Amino acid sequence: MSDMQADDAKMPLLDHLTELRTRLLWCVGSFVVLFFICIPLAPKFYIFLMEPLYELMKDKPGARMIFTGLPEQFLTEIKIAFFAALSISTPILLLQIWKFVAPGLYRHEKGAFTPFLIATPVLFTMGAALVYYFIIPMAWRFFLSFEMPGGPDTMAIQLEPKVNEYLSLVLLLMFAFGIGFELPVFLILLARVGIVTADGLAQKRRYAVVGVFVFAAVLTPPDVISQIGLAVPLLLLYEVSIVGARMIEKKRKEGYEAENSDE
């Protein structure tokens, strides 16, 4: 078959549904297996997530974390296992999606979309790593600055973080940054199918700045450090998206010119 023909023959609807069921079973099965594997590892994952706070509080006498509900620690570890399994199984999910849609794509379309499948988990991991190693230590240092020592007429104000609240905050930050870092993938895909253009993205830059800061304000705690820490990388990634869109348009134009010259 030529490059303008699909790699595989058309499948009947029943075969498509059977294929879809198989892919879904692979996704669900891999997640369930990884979930049960992650349950006994949940305390180690929590220690890893707690490390930025521990480094700031390890020299403080009596520093500790608390839980106030009987099932809180158990449910926290279940939540950790759930998100760990979800994160680890994401490449499997993307692979199954690719295997389902790939037979209906042309060869050049497969080559065009493969980099996006690779970039998706890579960018998400980069966003989560940025918040863990850079943003969280600064944000925790900022929040700890509100502690107050006791005096003759005042009571001390000390932080005693709850395990569930701490985990929820860390996961919120990591997923907010991870999803935010998917911006180039989303915009470049839109540019590839012709919904947006590089010039259009450049002209709407001012609106993008406002939208990015609103996004950062909604998905991060109410502190300037984490909001700016998310907004600035997103604005840089927006500029990367414009460059990527221009490259796609240039390549598309060269393809059209080559086809016209062949005629």
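No value in this document is a laboratory result; all are computed from the given coordinates. These numbers come from a predicted model, not from an experiment. Please note: Cβ atoms are built from the backbone with ideal geometry, for glycine as well, and neighbour counts cover all protein chains shown.
Name the long-range amide H neighbours of LYS162: under 5 Å, sequence gap of 5 or more, or other chain; modelled H, no Pro or chain starts.
Those lying under 5 Å, H to H, from LYS162 are ILE66.
Which order do VAL32, VAL196 fall in if you start with the one that has the fewest other Cβ atoms within 10 Å? Intermediate values should be presented prior to the final figure.
On the way: VAL32 12, VAL196 19.
Ordered by Cβ neighbours within 10 Å, fewest first: VAL32, VAL196.
Output the pairs from LYS44/LYS162; LYS204/LYS250; LYS44/LYS79; LYS79/LYS99; LYS58/LYS79 with a Cα-Cα distance over 23 Å in this structure; if there are none, say none.
Where the Cα-Cα span goes over 23 Å, the pairs concerned are LYS79/LYS99; LYS58/LYS79.
With only alpha-carbon atoms in the gyration tensor, what are the semi-axes of the equivalent ellipsoid for region 157-236, in Å, largest first?
Values: eigenvalues 203, 39, 10 Å².
The equivalent ellipsoid of region 157-236 has semi-axes of 32, 14, 7 Å.
Starting from the 7 Å offset along Cα-to-Cβ, what nm value, one decimal, do you get for the label separation of ARG205 and TRP26?
4.3 nm
Could you point to the label whose value was computed as Cα Rg over 2.2 N^0.38 Å for the structure here, given [x] 1.30; [y] 1.04; [z] 1.38?
Of the listed options [x] 1.30; [y] 1.04; [z] 1.38, [x] comes from this structure.
Applying 1/(1 + (r/R0)^6) with R0 = 25 Å to the Cβ-Cβ distance of LEU86 and LEU236, what FRET efficiency is obtained, to the nearest 0.05?
Numbers: r = 27 Å, r/R0 = 1.09.
That gives a FRET efficiency of 0.35.
Could you tell me the relative contact order of region 112-263? Use alpha-carbon pairs under 8 Å, at least six residues apart, and round to a whole percent.
Computed value for region 112-263: 28 percent relative contact order.
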